[in-house]
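The values are calculated or read from the model by the stated rules, or taken from the named source; none is laboratory data. Worth saying up front: this structure is predicted, and the values here are computed from it rather than measured. A quick note on method: Cβ atoms are made from the backbone with ideal geometry, for glycine too, and the neighbour counts reach across all protein chains shown. The area values use the complete protein model at the heavy-atom level, side chains included, leaving out ligands, DNA and RNA. Shrake-Rupley method; radii C 1.70, N 1.55, O 1.52, S 1.80 Å.
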Amino acid sequence: MGTGVEASVDITELYAAHRLALVRLAVLLVDDLASAEDVVQDAFAALARRPEAVRDPSRALAYLRVSVVNTARSALRRRRTARAYAPPRDTGPPSPEESAVLAEEHREVIVALRRLAPRQREVLVLRYWSNLTEAEIAAALDISQGTVKSTASRALVALQKSLREIEGEEER
Amino acid sequence: MSTDDVMDLEDRLRAALAARAELVRPEDLGPVAPVVPLRPRWRSPWVLLATAAAVLLVLGVVLQGLAPDPRSDDVAPEPGPQVELPQDVGRDWQVRSDSSPAVLDLDGDGVDETVRFRAEETKDFDGRIRLETTLSTTGEDAYGVARLSTTIGTYARDPIDADGDGDQELVLPFDSMGGPGEPSYPMVFDLRDGLLVQAAVSDPELLLMGNTPVDGGRTPYYELVRSQTYWFEDGSLYSGRSVNAFAEGPNMTATRPASMVFDAWRWVLDAEGVLRPQDAGCVAETPRGAIRPCEPGARDALPVLGPEATEFFGPGEEFRWTEGYRYVARLEQQGEPTLVVQGGDGRTLEHPIDVADPRVMTTQPTRIFYDGASVVVRSATDPAVFQVLAQDGDALRELAPVGDVPLTTDASHRTWLTTDGALVTVVAEDDARWRAYFWAMVSSTEMVALPAGEVCFADVTDTSTARDC
């Protein structure tokens, strides 16, 4: 006997089951919902190209997470290229949705997070939102565990520094 | 930073990430890709042009750069002694960092060529791809132009020798961007006179990957589809189409068996540059998803109908769901029974319960609705009664059964919730056979029973006794 409705091994079921969580992961990496949805759609399209991954749900989910991180990084790279004329520290204003709803203390952290290097941001999001272990992050980002540890450490220092700058800017 | 500083920052970061992520609510997401009929590929101008290219090849005419839309650098497929695309088309396009070059022996000398993919830059990443390589036998350049669904992440599938001439053909996947479930297909490029020319396909409806509609299989609420796939084995391209159909509903729901039996074909490239299918018999999926020749009596996997969920809570009690969308539900009985749901995002939802002596199942019907709260309510005194509620933004809504299958249990029907969140109804047929259905959401207020195959029971009240009929 099989394992039930195709849902457990079907990309359509993966889509139904994990789309929201993956969009939430993506929105932490690319900032706005529309881009996040595009990133996740692209990730599923990429998964559909690799049926061998589709047939193993556990591999497929890990594949999707990696794909979201990589696609989000590409999206940021494209966006930064398009905004090449802008000052490098200009991360854009927070979205109206975010300004209206996100508490000030959270908003400052999110703005500070946007000022980090993409790899630092990815490590922090995977560590503190996705709750992945260092080994899992290393596998997802194709880097060593040592690099994960050092990147996370430097990212926290940079985040703290950015937070102080933001608080200083707002006081002025 | 001190250890305390780090811990404070970590806590603050966790809280901010969670808060930002939870601003994205289920109802904020765009609609999922709908089920749409597949346009037969033979109607595609691209395939018609590719077929024309193959015919012209027979006449000693070479053309390429075919595209659905006319472009100034395309070559019109008009008869002529020798039609060639200007060599510089796409020469200045960039090789994207997310593309992977293909390595295969295009000229059959035992030395692999590396094919690079140069992407035409367009706003929507939908430009053409220049395929280019240097042939190891002659040192000359060979090239071609392809239009895939996107210029992002170009890569090749396994090379094949579809014409058995000792060299290899390049295979690129055309991935439909219509969303999961939209069929994709392989494009085969053969080296001819220094050009990489796409092979036409004689029966394109047999060379697809995805679910394709069955003629006459559309109902108001779902569509019957067959599963199609393609794969590579021993340097050959194979494709398969499931012998049986299954139901595909809206909102990305389907009742595809866990493994299916397929009719299979091996694809051979003939002298005219046309890929033609040869009957390859019957193949079946293994439980791990591999494709194998059929064993005697091979058939689709049975639908999994159990075990049945039996845990519930009653009036005055509550239950906390901790996986996926987190929420607590309690059944209040002051006057009219009311289900009160408190979501992990702070929302409180209420809905009256229209069931005598209600019992709320502690298994969430995730196969019906996952991105929010959902419950199945049964009656302690009337086994025929079911009520299904699902979250719709800031409200709980009852899902009304639509279609021909009643949501009930009686002499000819039996309905239950499985421990993996599927709501099942079986309908009695002749000779102790039962037709199984899985309930799926079709709108924010409706659900329908999708057919999932035939099954027999030694005892229909014991799901573990399900077997082939």
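If residue B:217 satisfies every condition in (1) under 29 Å from residue B:435 (Cβ atoms); (2) in a loop (DSSP other than H, G, I, E, B); (3) more than 14 Å from chain A (Cβ to nearest Cβ) but one, which is the exception?
The one condition residue B:217 does not meet is (2).
Considering each of B:304, B:341, B:328 in turn, give the residue that is free of Cβ contacts under 8 Å to residues at least 40 places away in the same chain and within 36 Å of the chain's Cα centre (by Cα). Give the steps one after another, and end with the answer.
Values: B:304 fails: free of Cβ contacts under 8 Å to residues at least 40 places away in the same chain; B:341 fails: free of Cβ contacts under 8 Å to residues at least 40 places away in the same chain.
Just a single option satisfies the conditions, and that option is B:328.
Can residue B:132 be described as among the acidic types (Asp, Glu) and either part of a strand (DSSP E or B) or surrounded by 23 or more Cβ atoms within 10 Å (Cβ to Cβ) (or both)?
When the stated conditions are applied, residue B:132 passes them.
Can you tell which of B:316, B:346 is without any contact (Cβ under 8 Å) to a residue 40 or more places away in the chain, under 28 Å from residue B:29 (Cα atoms) and open to solvent by 60 Å² or more (accessible area, probe 1.4 Å)?
Of the residues listed, the single one that is without any contact (Cβ under 8 Å) to a residue 40 or more places away in the chain, under 28 Å from residue B:29 (Cα atoms) and open to solvent by 60 Å² or more (accessible area, probe 1.4 Å) is B:346.
Those residues that are among the small types (Gly, Ala, Ser) and under 14 Å from residue B:253 (Cα atoms), I need them from segment B:424-452; list them, please.
Step one: filter segment B:424-452 for residues among the small types (Gly, Ala, Ser), giving B:428, B:432, B:436, B:440, B:443-444, B:449, B:452.
Of everything in segment B:424-452, those that are among the small types (Gly, Ala, Ser) and under 14 Å from residue B:253 (Cα atoms) turn out to be B:440, B:443, B:449, B:452.
Restricting attention to strands (runs of 3 or more DSSP E) lying wholly within segment B:371-438, give those where 2 or more residues are surrounded by fewer than 19 Cβ atoms within 10 Å (Cβ to Cβ).
B:395-398, B:400-402, B:423-428
Looking at B:414, B:359, B:397, B:435, can you tell me which residue is basic (Lys, Arg) and in contact with a Leu (Cβ under 8 Å, 6 or more places away or on another chain)? Quick ask: steps written out before the conclusion?
Numbers: B:414 fails: in contact with a Leu (Cβ under 8 Å, 6 or more places away or on another chain); B:359 fails: in contact with a Leu (Cβ under 8 Å, 6 or more places away or on another chain); B:435 fails: in contact with a Leu (Cβ under 8 Å, 6 or more places away or on another chain).
Being basic (Lys, Arg) and in contact with a Leu (Cβ under 8 Å, 6 or more places away or on another chain) holds for just one of B:414, B:359, B:397, B:435, which is B:397.
Only one of (1) part of a strand (DSSP E or B); (2) more than 14 Å from chain A (Cβ to nearest Cβ) is not met by residue B:284, so which one is it?
Of the numbered conditions (1) part of a strand (DSSP E or B); (2) more than 14 Å from chain A (Cβ to nearest Cβ), the odd one out for residue B:284 is (2).
Could you tell me whether residue B:196 is in contact with a Pro (Cβ under 9 Å, 6 or more places away or on another chain), of a type in the set (A, V, I, L, M, F, W, C) and in the same structural domain as residue B:276 (by TED's automatic domain parsing)?
So residue B:196 does not fit the description; no.
Among the residues of segment A:152-166, how many are open to solvent by less than 40 Å² (accessible area, probe 1.4 Å) and modelled with pLDDT of 85 or more?
Just the residues of segment A:152-166 that are open to solvent by less than 40 Å² (accessible area, probe 1.4 Å), to begin with: A:152, A:155-156, A:158-160, A:162-163, A:166.
This time we only want the ones that are modelled with pLDDT of 85 or more, so: A:152, A:155-156, A:158-160, A:162-163.
Of the residues in that region, 8 qualify.
For residues in segment A:115-137 being in a helix (DSSP H, G or I) and over 15 Å from the mean Cα position of the chain (by Cα), which is surrounded by the fewest Cβ atoms within 10 Å (Cβ to Cβ)?
A:135
Select from segment B:187-217 the residues that are charged (D, E, K, R) and touching a residue at least 40 places away in the same chain (Cβ under 8 Å) and write down the one among them that is surrounded by the most Cβ atoms within 10 Å (Cβ to Cβ). Walk me through how you get there before you give the answer.
In the first step, residues of segment B:187-217 are kept if they are charged (D, E, K, R); the result is B:190, B:192-193, B:203, B:205, B:215.
Filter once more, keeping what is touching a residue at least 40 places away in the same chain (Cβ under 8 Å): B:190, B:192-193, B:203, B:205.
On the way: B:190: 24, B:192: 16, B:193: 11, B:203: 14, B:205: 15.
Top of the filtered list is B:190.
Can you pull out the residues in segment B:137-154 that are over 29 Å from residue A:74 (Cβ atoms) and surrounded by 19 or more Cβ atoms within 10 Å (Cβ to Cβ)?
Hit for segment B:137-154 is B:142, nothing else.
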